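Everything below concerns the one structure shown next.
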Amino acid sequence: MKKSFFTVLIALVALMANAQSRGIKIAYLDMNYILDKVPDYADAKNQLEQKATKWKQELEVKRNEISKLKESLQQEKPLLTKELIEEREEEILFQEKELIDYQEKRFGPMGDLVTQKAVLIKPIQDQVFTIAQDLAEIRKYDFVFDKSSDLTMIVAAKKHDISDYIITKMTRAAKQEKLSSRELKKFEEQEAKEEHESNPDYIERQKILEERKNARDKKIEERKALQEEKKKAYEEKRARLKAERDAKRNGTAVPPAETTPSEGSNIPFAPKSNKDANDNGDKTETKTTSTDKKAAASEAAAERQNAIDAAREERERKIEEKKKAQDERKKQILEQREAAKKAREEKLKKKEEETTAPAGDDSNTEEETPSNP
(Lines give C-alpha, C1' and ligand atoms only; values in the text may rest on other atoms or scores of the structure.)
Protein backbone atom coordinates (compact mmCIF):
# COMPACT_ATOMS: atom_id res chain seq x y z
CA MET A 1 0.00 0.00 0.00
CA LYS A 2 2.83 2.41 0.90
CA LYS A 3 4.60 1.57 -2.32
CA SER A 4 1.52 2.34 -4.42
CA PHE A 5 0.95 5.56 -2.48
CA PHE A 6 4.50 6.77 -3.14
CA THR A 7 4.17 5.80 -6.83
CA VAL A 8 1.01 7.86 -7.18
CA LEU A 9 2.62 10.73 -5.27
CA ILE A 10 5.65 10.75 -7.60
CA ALA A 11 3.36 10.67 -10.63
CA LEU A 12 1.39 13.57 -9.21
CA VAL A 13 4.53 15.65 -8.69
CA ALA A 14 5.76 14.91 -12.20
CA LEU A 15 2.45 15.77 -13.76
CA MET A 16 2.15 18.95 -11.72
CA ALA A 17 5.53 20.03 -13.05
CA ASN A 18 4.46 19.32 -16.65
CA ALA A 19 0.98 20.80 -16.37
CA GLN A 20 1.83 23.80 -14.22
CA SER A 21 1.08 26.23 -17.02
CA ARG A 22 -2.50 25.02 -17.66
CA GLY A 23 -3.46 23.69 -14.23
CA ILE A 24 -4.34 20.14 -13.12
CA LYS A 25 -7.85 18.74 -13.47
CA ILE A 26 -8.79 15.99 -11.00
CA ALA A 27 -11.92 13.89 -10.53
CA TYR A 28 -12.83 10.92 -8.35
CA LEU A 29 -15.45 8.18 -8.10
CA ASP A 30 -16.75 5.92 -5.34
CA MET A 31 -16.92 2.31 -6.53
CA ASN A 32 -18.88 1.11 -3.49
CA TYR A 33 -21.48 3.82 -4.02
CA ILE A 34 -21.77 2.91 -7.71
CA LEU A 35 -22.13 -0.82 -6.97
CA ASP A 36 -24.93 -0.14 -4.48
CA LYS A 37 -26.82 1.86 -7.13
CA VAL A 38 -26.54 -0.81 -9.89
CA PRO A 39 -29.65 -3.07 -9.80
CA ASP A 40 -27.95 -6.12 -11.39
CA TYR A 41 -25.19 -6.08 -8.81
CA ALA A 42 -27.69 -5.82 -5.94
CA ASP A 43 -29.61 -8.90 -7.17
CA ALA A 44 -26.45 -10.94 -7.69
CA LYS A 45 -25.11 -9.83 -4.32
CA ASN A 46 -28.28 -11.08 -2.61
CA GLN A 47 -27.90 -14.46 -4.32
CA LEU A 48 -24.25 -14.65 -3.24
CA GLU A 49 -25.20 -13.79 0.35
CA GLN A 50 -27.77 -16.58 0.31
CA LYS A 51 -25.08 -19.01 -0.82
CA ALA A 52 -22.73 -17.79 1.92
CA THR A 53 -25.48 -18.32 4.51
CA LYS A 54 -25.98 -21.87 3.26
CA TRP A 55 -22.22 -22.56 3.45
CA LYS A 56 -22.12 -21.26 7.02
CA GLN A 57 -24.98 -23.58 7.96
CA GLU A 58 -23.10 -26.55 6.49
CA LEU A 59 -20.01 -25.61 8.49
CA GLU A 60 -22.10 -25.39 11.66
CA VAL A 61 -23.55 -28.88 11.01
CA LYS A 62 -20.06 -30.34 10.59
CA ARG A 63 -18.88 -28.67 13.82
CA ASN A 64 -21.83 -30.15 15.71
CA GLU A 65 -21.07 -33.63 14.34
CA ILE A 66 -17.43 -33.40 15.45
CA SER A 67 -18.53 -32.17 18.89
CA LYS A 68 -20.87 -35.16 19.24
CA LEU A 69 -18.08 -37.59 18.25
CA LYS A 70 -15.77 -36.07 20.86
CA GLU A 71 -18.43 -36.28 23.58
CA SER A 72 -19.22 -39.90 22.67
CA LEU A 73 -15.54 -40.85 22.76
CA GLN A 74 -15.09 -39.17 26.12
CA GLN A 75 -18.03 -41.08 27.60
CA GLU A 76 -17.16 -44.49 26.10
CA LYS A 77 -13.39 -44.24 26.48
CA PRO A 78 -13.19 -46.41 29.67
CA LEU A 79 -15.03 -49.23 27.89
CA LEU A 80 -13.02 -49.16 24.63
CA THR A 81 -9.77 -50.80 23.78
CA LYS A 82 -6.70 -48.83 22.83
CA GLU A 83 -7.11 -49.67 19.14
CA LEU A 84 -10.74 -48.47 19.08
CA ILE A 85 -9.81 -45.24 20.86
CA GLU A 86 -7.08 -44.52 18.33
CA GLU A 87 -9.45 -45.33 15.49
CA ARG A 88 -12.07 -42.92 16.85
CA GLU A 89 -9.48 -40.18 17.38
CA GLU A 90 -8.24 -40.60 13.80
CA GLU A 91 -11.82 -40.28 12.58
CA ILE A 92 -12.28 -37.07 14.55
CA LEU A 93 -9.01 -35.64 13.22
CA PHE A 94 -10.02 -36.54 9.68
CA GLN A 95 -13.37 -34.76 10.01
CA GLU A 96 -11.72 -31.71 11.61
CA LYS A 97 -9.33 -31.54 8.65
CA GLU A 98 -12.29 -31.78 6.26
CA LEU A 99 -13.99 -28.96 8.17
CA ILE A 100 -10.90 -26.73 7.83
CA ASP A 101 -10.55 -27.57 4.14
CA TYR A 102 -14.24 -26.82 3.50
CA GLN A 103 -14.00 -23.50 5.35
CA GLU A 104 -10.90 -22.58 3.33
CA LYS A 105 -12.64 -23.60 0.11
CA ARG A 106 -15.69 -21.42 0.78
CA PHE A 107 -14.37 -18.45 2.80
CA GLY A 108 -10.59 -18.46 2.29
CA PRO A 109 -8.57 -15.79 0.44
CA MET A 110 -9.02 -17.77 -2.77
CA GLY A 111 -12.35 -19.30 -1.77
CA ASP A 112 -15.64 -19.40 -3.59
CA LEU A 113 -17.03 -16.29 -1.85
CA VAL A 114 -14.12 -14.06 -2.85
CA THR A 115 -13.87 -15.54 -6.35
CA GLN A 116 -17.56 -15.24 -7.14
CA LYS A 117 -17.66 -11.72 -5.73
CA ALA A 118 -14.74 -10.75 -7.98
CA VAL A 119 -16.48 -12.35 -10.98
CA LEU A 120 -19.63 -10.43 -10.06
CA ILE A 121 -17.86 -7.07 -9.72
CA LYS A 122 -15.48 -7.32 -12.69
CA PRO A 123 -17.98 -6.55 -15.53
CA ILE A 124 -19.26 -3.52 -13.61
CA GLN A 125 -15.72 -2.37 -12.84
CA ASP A 126 -14.75 -2.68 -16.49
CA GLN A 127 -17.76 -0.62 -17.51
CA VAL A 128 -16.98 2.02 -14.86
CA PHE A 129 -13.35 2.25 -15.93
CA THR A 130 -14.33 2.59 -19.61
CA ILE A 131 -16.79 5.41 -18.85
CA ALA A 132 -14.20 7.11 -16.62
CA GLN A 133 -11.54 6.93 -19.36
CA ASP A 134 -13.90 8.36 -21.98
CA LEU A 135 -14.92 11.15 -19.63
CA ALA A 136 -11.28 11.93 -18.82
CA GLU A 137 -10.55 12.33 -22.54
CA ILE A 138 -13.56 14.58 -23.08
CA ARG A 139 -13.07 16.80 -20.03
CA LYS A 140 -9.25 16.63 -20.04
CA TYR A 141 -8.87 15.15 -16.56
CA ASP A 142 -5.30 14.47 -15.45
CA PHE A 143 -6.31 12.09 -12.63
CA VAL A 144 -9.41 10.05 -11.76
CA PHE A 145 -9.20 8.40 -8.31
CA ASP A 146 -11.31 5.72 -6.65
CA LYS A 147 -12.45 6.95 -3.24
CA SER A 148 -13.10 3.39 -1.99
CA SER A 149 -9.59 2.13 -2.86
CA ASP A 150 -6.54 1.87 -0.58
CA LEU A 151 -5.56 5.45 -1.44
CA THR A 152 -6.77 7.58 1.46
CA MET A 153 -8.60 10.78 0.49
CA ILE A 154 -8.85 13.10 3.47
CA VAL A 155 -10.78 15.87 1.68
CA ALA A 156 -12.82 15.44 -1.50
CA ALA A 157 -14.92 18.29 -2.93
CA LYS A 158 -18.33 17.17 -4.18
CA LYS A 159 -17.96 19.07 -7.46
CA HIS A 160 -15.15 16.66 -8.50
CA ASP A 161 -17.28 13.54 -7.82
CA ILE A 162 -18.31 11.81 -11.08
CA SER A 163 -20.04 8.79 -9.46
CA ASP A 164 -23.57 9.96 -10.28
CA TYR A 165 -22.53 10.72 -13.86
CA ILE A 166 -21.17 7.16 -14.26
CA ILE A 167 -24.38 5.67 -12.82
CA THR A 168 -26.43 7.73 -15.29
CA LYS A 169 -24.27 6.54 -18.19
CA MET A 170 -24.61 2.90 -17.12
CA THR A 171 -28.39 3.23 -16.79
CA ARG A 172 -28.64 4.78 -20.24
CA ALA A 173 -26.43 2.06 -21.71
CA ALA A 174 -28.85 -0.55 -20.35
CA LYS A 175 -31.79 1.34 -21.90
CA GLN A 176 -30.08 1.65 -25.28
CA GLU A 177 -30.23 -2.12 -25.80
CA LYS A 178 -34.05 -1.94 -25.87
CA LEU A 179 -34.33 1.01 -28.30
CA SER A 180 -34.83 0.98 -32.05
CA SER A 181 -32.30 2.59 -34.41
CA ARG A 182 -34.34 5.78 -34.75
CA GLU A 183 -34.91 6.07 -31.02
CA LEU A 184 -31.25 5.25 -30.42
CA LYS A 185 -30.12 8.12 -32.67
CA LYS A 186 -32.40 10.57 -30.89
CA PHE A 187 -31.25 9.24 -27.54
CA GLU A 188 -27.58 9.70 -28.47
CA GLU A 189 -28.20 13.30 -29.58
CA GLN A 190 -29.94 14.06 -26.29
CA GLU A 191 -27.13 12.37 -24.38
CA ALA A 192 -24.48 14.41 -26.22
CA LYS A 193 -26.38 17.60 -25.44
CA GLU A 194 -26.69 16.73 -21.75
CA GLU A 195 -23.03 15.75 -21.61
CA HIS A 196 -22.06 19.11 -23.07
CA GLU A 197 -24.30 20.97 -20.62
CA SER A 198 -23.07 18.94 -17.61
CA ASN A 199 -19.42 19.68 -18.39
CA PRO A 200 -17.99 21.79 -15.53
CA ASP A 201 -16.07 23.97 -18.02
CA TYR A 202 -19.27 24.63 -19.95
CA ILE A 203 -21.12 25.39 -16.72
CA GLU A 204 -18.36 27.79 -15.67
CA ARG A 205 -18.43 29.54 -19.05
CA GLN A 206 -22.21 29.82 -18.92
CA LYS A 207 -21.97 31.28 -15.43
CA ILE A 208 -19.47 33.92 -16.58
CA LEU A 209 -21.62 34.74 -19.62
CA GLU A 210 -24.71 35.01 -17.43
CA GLU A 211 -22.94 37.40 -15.07
CA ARG A 212 -21.79 39.52 -17.99
CA LYS A 213 -25.28 39.55 -19.46
CA ASN A 214 -26.80 40.58 -16.11
CA ALA A 215 -24.25 43.41 -15.78
CA ARG A 216 -24.97 44.55 -19.33
CA ASP A 217 -28.75 44.43 -18.76
CA LYS A 218 -28.31 46.40 -15.55
CA LYS A 219 -26.38 49.12 -17.38
CA ILE A 220 -29.02 49.24 -20.11
CA GLU A 221 -31.79 49.56 -17.51
CA GLU A 222 -29.91 52.37 -15.75
CA ARG A 223 -29.41 54.14 -19.06
CA LYS A 224 -33.10 53.76 -19.92
CA ALA A 225 -34.12 55.06 -16.49
CA LEU A 226 -31.86 58.08 -16.94
CA GLN A 227 -33.32 58.75 -20.40
CA GLU A 228 -36.86 58.44 -19.01
CA GLU A 229 -36.04 60.96 -16.26
CA LYS A 230 -34.61 63.39 -18.80
CA LYS A 231 -37.62 62.91 -21.06
CA LYS A 232 -40.02 63.42 -18.17
CA ALA A 233 -38.22 66.57 -17.06
CA TYR A 234 -38.29 67.86 -20.65
CA GLU A 235 -42.02 67.13 -20.97
CA GLU A 236 -42.77 68.84 -17.66
CA LYS A 237 -40.76 71.89 -18.69
CA ARG A 238 -42.47 71.97 -22.08
CA ALA A 239 -45.92 71.63 -20.49
CA ARG A 240 -45.12 74.43 -18.00
CA LEU A 241 -43.93 76.75 -20.76
CA LYS A 242 -47.01 75.94 -22.83
CA ALA A 243 -49.28 76.60 -19.84
CA GLU A 244 -47.57 79.93 -19.19
CA ARG A 245 -47.84 80.83 -22.87
CA ASP A 246 -51.54 79.91 -22.95
CA ALA A 247 -52.16 81.82 -19.75
CA LYS A 248 -50.47 84.87 -21.17
CA ARG A 249 -52.38 84.45 -24.42
CA ASN A 250 -55.77 84.07 -22.67
CA GLY A 251 -55.13 86.88 -20.20
CA THR A 252 -55.91 84.81 -17.09
CA ALA A 253 -52.81 84.17 -15.03
CA VAL A 254 -50.53 86.60 -16.76
CA PRO A 255 -52.20 89.90 -17.90
CA PRO A 256 -51.59 90.87 -21.51
CA ALA A 257 -49.00 93.50 -22.20
CA GLU A 258 -50.47 96.99 -22.46
CA THR A 259 -49.38 99.69 -24.89
CA THR A 260 -48.61 102.85 -22.97
CA PRO A 261 -49.73 106.07 -24.67
CA SER A 262 -47.17 108.48 -25.99
CA GLU A 263 -46.02 111.37 -23.85
CA GLY A 264 -48.40 114.31 -23.81
CA SER A 265 -51.21 112.40 -25.53
CA ASN A 266 -54.68 112.36 -23.93
CA ILE A 267 -56.02 109.39 -25.98
CA PRO A 268 -56.84 106.45 -23.67
CA PHE A 269 -55.54 102.96 -24.37
CA ALA A 270 -57.58 100.81 -26.80
CA PRO A 271 -57.09 97.52 -28.66
CA LYS A 272 -55.24 97.69 -31.91
CA SER A 273 -58.21 96.47 -33.93
CA ASN A 274 -61.65 94.87 -33.73
CA LYS A 275 -60.18 91.55 -34.91
CA ASP A 276 -57.93 91.35 -31.85
CA ALA A 277 -60.91 92.00 -29.56
CA ASN A 278 -62.96 89.26 -31.22
CA ASP A 279 -60.08 86.79 -30.95
CA ASN A 280 -59.76 87.47 -27.24
CA GLY A 281 -63.52 87.02 -26.78
CA ASP A 282 -63.52 83.67 -28.61
CA LYS A 283 -60.62 82.39 -26.52
CA THR A 284 -62.34 83.40 -23.30
CA GLU A 285 -65.57 81.66 -24.38
CA THR A 286 -63.66 78.49 -25.36
CA LYS A 287 -61.89 78.43 -22.00
CA THR A 288 -65.23 78.90 -20.18
CA THR A 289 -66.79 75.99 -22.08
CA SER A 290 -63.83 73.74 -21.31
CA THR A 291 -64.02 74.69 -17.63
CA ASP A 292 -67.76 73.92 -17.56
CA LYS A 293 -67.17 70.49 -19.10
CA LYS A 294 -64.48 69.70 -16.54
CA ALA A 295 -66.75 70.82 -13.71
CA ALA A 296 -69.60 68.66 -15.05
CA ALA A 297 -67.30 65.66 -15.38
CA SER A 298 -66.02 66.18 -11.84
CA GLU A 299 -69.58 66.47 -10.53
CA ALA A 300 -70.62 63.25 -12.33
CA ALA A 301 -67.58 61.43 -10.95
CA ALA A 302 -68.42 62.67 -7.46
CA GLU A 303 -72.02 61.45 -7.83
CA ARG A 304 -70.84 58.03 -8.98
CA GLN A 305 -68.44 57.81 -6.04
CA ASN A 306 -71.22 58.84 -3.63
CA ALA A 307 -73.50 56.15 -5.09
CA ILE A 308 -70.75 53.54 -4.72
CA ASP A 309 -70.12 54.60 -1.11
CA ALA A 310 -73.83 54.47 -0.34
CA ALA A 311 -74.16 50.98 -1.85
CA ARG A 312 -71.13 49.82 0.15
CA GLU A 313 -72.58 51.25 3.38
CA GLU A 314 -75.94 49.60 2.68
CA ARG A 315 -74.26 46.26 2.04
CA GLU A 316 -72.22 46.54 5.24
CA ARG A 317 -75.38 47.47 7.19
CA LYS A 318 -77.22 44.40 5.88
CA ILE A 319 -74.27 42.16 6.72
CA GLU A 320 -74.16 43.60 10.24
CA GLU A 321 -77.92 43.07 10.68
CA LYS A 322 -77.65 39.50 9.43
CA LYS A 323 -74.79 38.84 11.81
CA LYS A 324 -76.75 40.25 14.75
CA ALA A 325 -79.76 38.09 13.80
CA GLN A 326 -77.55 35.00 13.70
CA ASP A 327 -76.05 35.83 17.10
CA GLU A 328 -79.52 36.35 18.54
CA ARG A 329 -80.66 33.05 17.08
CA LYS A 330 -77.66 31.24 18.58
CA LYS A 331 -78.38 32.84 21.95
CA GLN A 332 -82.03 31.69 21.85
CA ILE A 333 -81.00 28.15 20.92
CA LEU A 334 -78.51 28.02 23.81
CA GLU A 335 -81.15 29.33 26.23
CA GLN A 336 -83.67 26.73 25.03
CA ARG A 337 -81.11 23.97 25.42
CA GLU A 338 -80.23 25.16 28.92
CA ALA A 339 -83.94 25.27 29.90
CA ALA A 340 -84.54 21.80 28.49
CA LYS A 341 -81.49 20.50 30.38
CA LYS A 342 -82.73 21.99 33.67
CA ALA A 343 -86.22 20.54 33.06
CA ARG A 344 -84.75 17.08 32.52
CA GLU A 345 -82.64 17.37 35.65
CA GLU A 346 -85.67 18.45 37.73
CA LYS A 347 -87.76 15.62 36.29
CA LEU A 348 -85.07 13.05 37.12
CA LYS A 349 -84.68 14.49 40.63
CA LYS A 350 -88.42 14.35 41.20
CA LYS A 351 -88.57 10.77 39.95
CA GLU A 352 -85.78 9.73 42.31
CA GLU A 353 -87.57 11.34 45.26
CA GLU A 354 -90.79 9.50 44.39
CA THR A 355 -88.89 6.21 44.13
CA THR A 356 -87.16 6.56 47.55
CA ALA A 357 -90.27 7.76 49.44
CA PRO A 358 -92.22 4.39 49.68
CA ALA A 359 -89.15 2.62 50.96
CA GLY A 360 -88.94 5.04 53.87
CA ASP A 361 -92.63 4.50 54.79
CA ASP A 362 -92.21 0.69 54.93
CA SER A 363 -89.29 0.96 57.31
CA ASN A 364 -91.30 3.12 59.71
CA THR A 365 -94.17 0.65 59.70
CA GLU A 366 -91.85 -2.25 60.47
CA GLU A 367 -90.37 -0.38 63.40
CA GLU A 368 -93.75 0.44 64.88
CA THR A 369 -95.24 -3.07 64.56
CA PRO A 370 -93.35 -4.84 67.42
CA SER A 371 -94.44 -2.22 69.97
CA ASN A 372 -98.14 -3.24 69.75
CA PRO A 373 -99.27 -5.85 72.40
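Each residue was assigned an accessible area with a 1.4 Å probe, and for ARG304 the value is about 140 Å². Sorting LEU334, LEU69, LEU35 by solvent-accessible area of protein heavy atoms yields LEU334, LEU69, LEU35, largest first, with a 1.4 Å probe.
Using 0.36 nm per residue and subtracting the Cα-Cα separation, the extra length available between LYS159 and ASP40 on full extension is 40.1 nm. For the listed residue pairs LYS169/LYS218; LYS105/LYS147; LYS51/LYS158; LYS45/LYS147, the alpha carbons are over 29 angstrom apart in LYS169/LYS218; LYS105/LYS147; LYS51/LYS158. Segment ALA311..TYR33, full-extension length gain: 93.0 nm, with 0.36 nm per residue of separation and the alpha-carbon distance subtracted. Using every pair of separate Cα atoms, the Kirkwood estimate puts the hydrodynamic radius of segment 49-152 at 18.2 angstrom.
The length gained on full extension between GLU354 and GLU58, counted as 0.36 nm times the residue separation minus their Cα-Cα distance, comes to 98.0 nm. Label positions at ARG245 and ILE138, each projected 7 Å from the Cα along the C-beta direction, are separated by 7.0 nm. Of the listed residues ASP101, ASP30, ASP217, the order by accessible area with a 1.4 Å probe, largest first, is ASP101, ASP217, ASP30. The simple Förster model, with R0 at 30 Å and r as the Cβ-Cβ distance, assigns LYS322 and GLU299 a FRET efficiency of 0.30. The smallest convex shape that holds all Cα atoms of segment 200-249, its convex hull, gives 32 Å³ per residue.
Can you give me the solvent accessible area of ARG139 with a 1.4 Å probe, rounded to the nearest 10 Å²? Roll a 1.4 Å probe over it and ARG139 shows about 10 Å². Per-residue surface analysis assigns THR53 an accessible area of about 70 Å², computed on protein heavy atoms at 1.4 Å probe radius. Largest accessible area first, the residues PHE145, PHE107 order themselves as PHE107, PHE145 under a 1.4 Å probe with ligands, DNA and RNA left out. Computed from the C-beta positions of PHE107 and GLN206 and an R0 of 35 Å, the FRET efficiency is 0.10 to the nearest 0.05.
The values are calculated or read from the model by the stated rules, or taken from the named source; none is laboratory data. Computed from a predicted model, the values in this text were never measured in an experiment. As a convention, Cβ positions derive from the backbone with ideal geometry for all residues, glycine included, and neighbour counts pool all protein chains shown. Surface areas here come from the heavy atoms of the whole protein model, side chains and all, with no ligands, DNA or RNA. Shrake-Rupley method; radii C 1.70, N 1.55, O 1.52, S 1.80 Å.
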